[in-house]
1. In segment 465-485, which residue that is under 13 Å from W331 (Cα atoms) and charged (D, E, K, R) is surrounded by the fewest Cβ atoms within 10 Å (Cβ to Cβ)?
2. If you go through segment 360-383 one residue at a time, how many are open to solvent by 20 Å² or more (accessible area, probe 1.4 Å), within 25 Å of E94 (Cα to Cα) and either out of contact with any Phe, Trp or Tyr (no Cβ under 6 Å at 6 or more places or on another chain) or aliphatic (A, V, I, L, M) (or both)?
3. Could you tell me whether any residue of segment 260-278 is away from ligand 3 (no atom under 16 Å from the Cβ), over 24 Å from Y150 (Cα atoms), open to solvent by less than 10 Å² (accessible area, probe 1.4 Å) and of a type outside the set (A, V, I, L, M)?
4. Need at least 3 residues that are outside the structural domain of L148 (by TED's automatic domain parsing), at positive phi and at pLDDT 95 or above per element, so show me which strands (runs of 3 or more DSSP E) inside segment 412-523 make the cut, counting only ones lying wholly within it.
5. Restricting attention to segment 118-142, and to residues there that are part of a helix (DSSP H, G or I) and open to solvent by less than 10 Å² (accessible area, probe 1.4 Å), which single residue is farthest from ligand 1 (Cβ to nearest atom)?
6. On the basis of being part of a strand (DSSP E or B), more than 16 Å from ligand 3 (Cβ to nearest atom) and either touching an Asp or Glu at 6+ places or on another chain (Cβ under 9 Å) or at negative phi (or both), does Y6 make the cut?
7. With (1) open to solvent by 30 Å² or more (accessible area, probe 1.4 Å); (2) over 25 Å from the mean Cα position of the chain (by Cα) as the list, and S632 as the residue in question, which single condition is left unmet?
8. How many residues does segment 33-64 hold that are free of Cβ contacts under 8 Å to residues at least 40 places away in the same chain and within 15 Å of ligand 1 (Cβ to nearest atom)?
Amino acid sequence: MADSVYRVVCPRDCYDTCVLLVEVENGVVVRVRGDPSHPVTRGVACPRAAGDPLRLVRGRIRYPYLRVGGKPDGRLVRVSWSEALDIAAAKLREVLREYGPSSVLHIDYAGNMGIVTWYYTRRFWNAIGAASTDYSLCSNTGHEAIGLHYGLSYGVLPEEFEKMEMIVFWGVNAAVSAVHMWLLALRARRERGSLLATVDPRVTETARASDIHLRPRPGTDVALAYGIARHLIVNDLVDKEFIERYTYGFERFAEEAIKWTPERVERVTGVPRRLMERFAEEYAARKPSVVFIGMGLARTPNGPDIIRAVSLLPALVGQHRGFYYSNSRGWLVNLALVTGEAYGAKPARIVSMAELGELLARGKFHYVYIYGVNAVESLPASHLVAKGLARSDVFVVVHDTHWNTTTRYADLILPAPTYLEKTDLPLSYSHATLTLSKMVVEPLGESKAEYEVIWELAKRLGVKDEWLYEDPLDTITKALEDALQEGSIRDLLEGRLVRLRQRPRDEYQTPTGRVEFYSTRAAKLGLNPLPQHRDLILAPDEYILLTGTHPLYTNSQFRETYGPHPPVVHVNPTDAKRNGIREGDRIALYNDHGEVHLKARVTDAVPEKTLWTTRHVIGLNGKPINVLAPPSRHMIGGTPILSAIKVKIRILA
Ligand SMILES: Nc1nc2c(c(=O)[nH]1)N[C@H]1C(S)=C(S)[C@@H](COP(=O)(O)OP(=O)(O)OC[C@H]3O[C@@H](n4cnc5c(=O)[nH]c(N)nc54)[C@H](O)[C@@H]3O)O[C@H]1N2
Ligand SMILES: Nc1nc2c(c(=O)[nH]1)N[C@H]1C(S)=C(S)[C@@H](COP(=O)(O)OP(=O)(O)OC[C@H]3O[C@@H](n4cnc5c(=O)[nH]c(N)nc54)[C@H](O)[C@@H]3O)O[C@H]1N2
Ligand SMILES: [Mo]
């Protein structure tokens with residue numbers, strides 16, 4: 001029997017944002033379970049949540065350390081917090097004086113999506129006007145792409161999945177990356193006979209368990225979406241009344257769609273005509289429905305157009321925002337207040353996450369403060385990020401819970417408490433519930449929360465703004481003033497679940513106030529107003545490398561629990577034969593940017609000319625996979641291209 005059970009919220013960057021029950025015995029966390037009362041978690045813990053008791057104590061940074069003798073090989077010397085903070089503040093003061101605030105950069109991402117851990121900490125950096133990134137790493141391009149046609153990108157809630165007659169997983173491996181949303185879909189099928197469809201070039205866990213699997217060649221989904229649209233239009237399966245009343249520019253969209261004959265679509269995508277037509281007919285007949293558009297698509301070369309095209313399908317069949325991408329832009333939480341921007345504090349400069357490696361390697365920035373992100377592994381062009389951070393004229397501070405690849409390039413390393421060691425309010429980007437996550441155990445070692453560290457730095461720099469030192473719970477209270485639908489802030493602070501208000505589903509924040517098949521905003525920006533197919537051109541010896549999620553890891557986290565990511569790459573049997581590759585052979589993937597060695601798994605789960613490996617895998621040659629990722633980004637939303645990267649392969653002796 002556990003001494004006590006605590007309710008917490010998993011703050012990791014994941015679709016599901018689970019509410020978890022943590023069992024503690026004699027002060028030790030022994031077990032993490034899913035909360036059965038939560039409408040999405042439903043009592044299920046994924047392997048990562050279940051692995052947390054171990055990750056809580058393994059691989060932790062427990063004390064502050066200073067590196068002496070250069071990065072990355074210099075020795076680490078343990079220092080006290082007051083020494084660490086004095087050094088961090090003195091260096092910061094020096095850089096501000098010599099180079100100004102735009103040469104101070106904070107790099108942070110969704111390692112912990114807590115409002116306090118992540119957003120509140122930005123207060124200090126905004127108060128001193130430091131440079132910030134554009135937060136484009138994951139989802140921004142998709143938000144902006146959908147935004148061209150819908151205004152904001154919010155859509156169906158996971159809580160509604162069970163009521164859906166058809167659920168389409170388009171470029172998302174939900175059985176792995178959104179386990180709980182997947183379980184809700186399975187329940188819908190079991191209880192109401194809902195149809196599950198997957199659109200993915202790979203035979204994924206999700207595809208295997210779906211009723212229909214459309215398997216387009218990577219990057220050809222715009223053609224597929226137009227093909228589906230054409231079938232709906234020519235067979236009179238569209239909802240004319242809806243189109244008339246709620247949409248704009250249908251005729252021009254239809255003109256383009258008509259050009260995508262079934263023969264042409266089959267030739268471009270490889271999807272058999274009959275299968276596509278069956279999909280279209282089911283989609284027209286089964287309502288309500290939801291198309292789950294994967295965030296992974298945003299990081300592929302044709303991603304923006306694919307997301308645009310797919311997001312328009314629901315409007316053809318009369319579904320208001322009948323998609324799910326991310327609901328974060330639908331909430332009414334005042335995050336500008338949390339980050340201090342509402343007080344007029346703002347970054348001196350905003351830099352692209354795709355270009356960070358190049359900028360750092362070229363000598364930009366003299367002070368870099370990193371938290372909640374494993375920058376060297378997660379950003380594109382890992383080698384440039386590493387080279388840039390290793391410069392002797394840049395002072396690098398990393399505040400993290402665990403030792404990682406990025407801590408190797410830090411001058412100063414600060415220990416942070418994990419979500420089990422602090423109180424915070426993680427904000428989900430999918431479901432509309434909020435639960436306060438309360439501290440379960442005392443911070444390990446000398447770990448200190450993010451907001452406390454920036455307070456200490458601010459005091460040392462003499463920053464006087466009172467709002468900067470506000471009690472984070474007071475900030476949360478203010479930020480939620482207009483945000484709740486059900487329950488009060490008091491309920492929340494007393495540990496009860498409350499519900500977020502969502503903007504109306506039939507409200508479209510576009511210039512015309514309608515779903516714009518023909519995007520007037522795109523036209524104004526000089527982009528194509530309609531989604532456009534582009535061929536991915538490959539040289540005869542080039543392959544498309546897809547990178548994706550693995551059940552045991554959240555990005556680079558959980559090596560501490562489950563060991564390194566399997567250094568394996570999936571190769572299609574035809575490609576294997578052509579290159580003389582056999583199961584288990586070591587092969588090199590390489591391009592102009594780098595080279596990574598992995599073991600081949602020969603499988604027809606990947607189509608020809610396509611390779612797949614886990615995101616954040618480290619090669620057998622010690623290189624992180626993102627040495628292969630070019631420092632390039634999308635025009636829409638700025639997200640870097642981290643999947644569908646062009647590589648060549650070579651068999652190793
Ligand atoms: N090739 C390729 N690259 C990719 C992707 C891909 O698909 N392919 N995916 C991209 C995407 S979608 C994303 S979101 C990024 C993810 O990239 P990252 O945000 O770097 O993801 P993680 O590896 O989860 O690293 C999060 C870090 O936060 C730390 N952390 C966790 N909790 C806390 C906390 O409470 N406090 C502090 N201070 N630190 C904490 C963890 O220990 C870890 O070091 O990677 C991107 N990179
Ligand atoms: N277990 C686990 N869950 C996670 C994470 C994790 O690391 N581990 N990371 C979290 C994060 S940060 C994110 S952003 C999400 C990402 O969640 P997902 O979007 O599911 O992630 P990916 O695996 O990048 O991509 C999904 C699928 O897109 C397919 N795909 C690639 N190219 C194309 C294409 O051209 N067309 C189509 N139709 N499909 C294509 C891939 O084959 C892959 O199966 O997952 C979150 N959840
Ligand atoms: Mo992500």
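The values are calculated or read from the model by the stated rules, or taken from the named source; none is laboratory data. Just so it is clear, the structure is predicted and the values come from calculations on it, not from any experiment. In this analysis, Cβ positions are derived from the backbone assuming ideal geometry, glycine residues included, and neighbour counts consider all displayed protein chains. For accessibility, only protein heavy atoms count, side chains too; no ligands or nucleic acids. Shrake-Rupley method; radii C 1.70, N 1.55, O 1.52, S 1.80 Å.
1. Here the answer is D482.
2. Number satisfying all stated conditions: 4.
3. Yes: one or more hits.
4. Answer list for segment 412-523: none.
5. Per the criteria, the residue is N126.
6. So Y6 fits the description; yes.
7. Here S632 clears every test but (2).
8. The qualifying residues number 1.
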